[in-house]
Amino acid sequence: MSRLGLLGKDIEYSFSRNYFSKKFEAERLPYTYENFDLNNISEFIQLLKRKPAITGLNVTIPYKEQVIPYLNTLDKKAKKIGAVNTITINANGCLKGYNTDCYGFKKSIKPLLEKHHKRALILGTGGASKAIAYTLKKLKIKFDYVSRSLKENVKFTYDSLTLEDIKMYQVIINCTPIGTHPNTNACPNIPYDAITNQHLLYDLIYNPEETKFLKLGKLQGAKTINGHDMLVFQAEKAWRIWNSTF
C-alpha cells in the first residue's frame, strides 16, 4: 500500500487529507493519505527515513519554497515559479517537485474574468503568491505585490496602499494566511472602501468558506471567490502526476 500525504506546519485543518481519504475509500484504491506536520523543514529527511513507503506528497505553508533544496529535480513549471506543492518519490528515492497551484488557480479564476479585469494586486509574497504571479502572466494580467515591507518586486506596503491604488487594480488576490480559521476576524489591511462592483476578490483561504476579506469585498458589490475550487483542481492534477509515476 502506497502512502501519500501533506507536508506542512499546523495543518490539522487541512483540506487534502479529508479529500484524498474520501476519494480512496470511494474508489477502493490501495492508498493512504496522512498529514506530516513538521516544526521545521530540516525534519524532512528524517521523515522520509521513518516512512519509506511514501510515494507522493502535497506541500503547503510554509514549505513550498523551503522544500526545494531537498529535491533531486524540478519540472520546468515548478522551476520557473520557484515554489513546489507536489512531490513524487520514485522507487530509487528520487524526489521531483511540481507546481499544480498554478493549474488550480487558472481553472478557478478564468470563468470569472471580464474584459475590464486587466490589473491585479497580489497580497503576500510567499510560495503560493509565486504560482499566482506565474498564472497572471499567462493570462496577460498585469500585477503588483503588496507586502508588510518594501523589497525587490514589491510596489506597495499595506500602510502605503491608498484608495486610488485600489481603484486601479480590478482583481485583488489574498495569498496570505490572514483570516484563516480560527483567526476569522482578521483580514488584510487594505482600503476596502475603494472596492466596487467592478472588482474581483479572490482568497486562497477556504476555511472559513467566506473570510472577512471576502465579506468586506462583497459588501462593496465585488465578485468574490474562495480557494476551494482551486484546491480541488490542483489536487486532481497532483493525483494525475502521482498516477503517472506509480
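The values are calculated or read from the model by the stated rules, or taken from the named source; none is laboratory data. A quick note: this is a predicted structure, and the numbers were derived from the prediction, not measured. Glycine also receives a Cβ, built like all others from the backbone with ideal geometry; neighbour counts cover every protein chain displayed.
Scanning the range 1-56 for residues being over 23 Å from A91 (Cβ atoms) and either part of a strand (DSSP E or B) or not small (G, A, S) (or both) gives a total of 22. Just one of the listed residues (G104, G127) is surrounded by 21 or more Cβ atoms within 10 Å (Cβ to Cβ), within 12 Å of the chain's Cα centre (by Cα), at pLDDT below 95 and not charged (D, E, K, R), namely G127. Looking only at residues in the range 1-15 that are modelled with pLDDT of 95 or more and of a type in the set (G, A, S), the one that is surrounded by the fewest Cβ atoms within 10 Å (Cβ to Cβ) is G8. Answer yes if at least one residue in the range 138-159 is assigned to a strand (DSSP E or B) and among the acidic types (D, E), and no otherwise. The answer is yes; a qualifying residue exists. Between T180, T176, T211, the distinction of being of a type outside the set (K, R), at pLDDT below 95 and either surrounded by 19 or more Cβ atoms within 10 Å (Cβ to Cβ) or outside the structural domain of L123 (by TED's automatic domain parsing) (or both) belongs to T180 only.
A quick yes/no check of all residues on (1) in contact with a Ser or Thr (Cβ under 9 Å, 6 or more places away or on another chain); (2) under 13 Å from I173 (Cα atoms); (3) in contact (Cβ under 8 Å) with a residue 12 or more places away in the chain:
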site	(1), (2), (3)
V84	no, no, yes
G97	yes, no, yes
C102	yes, no, yes
I122	yes, yes, yes
A128	yes, yes, yes
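Within the range 57-77, residues that are touching a residue at least 12 places away in the same chain (Cβ under 8 Å) reach partners that are part of a helix (DSSP H, G or I) and surrounded by fewer than 18 Cβ atoms within 10 Å (Cβ to Cβ) with beta carbons closer than 8 Å, at six or more positions or on different chains, in the pairs Y70/I45. Taking every residue in the range 31-56 that is modelled with pLDDT under 95 and pairing it with any residue that is in a helix (DSSP H, G or I), at least 6 positions away or on another chain, the pairs with Cβ-Cβ distances below 6 Å are Y31/F24.
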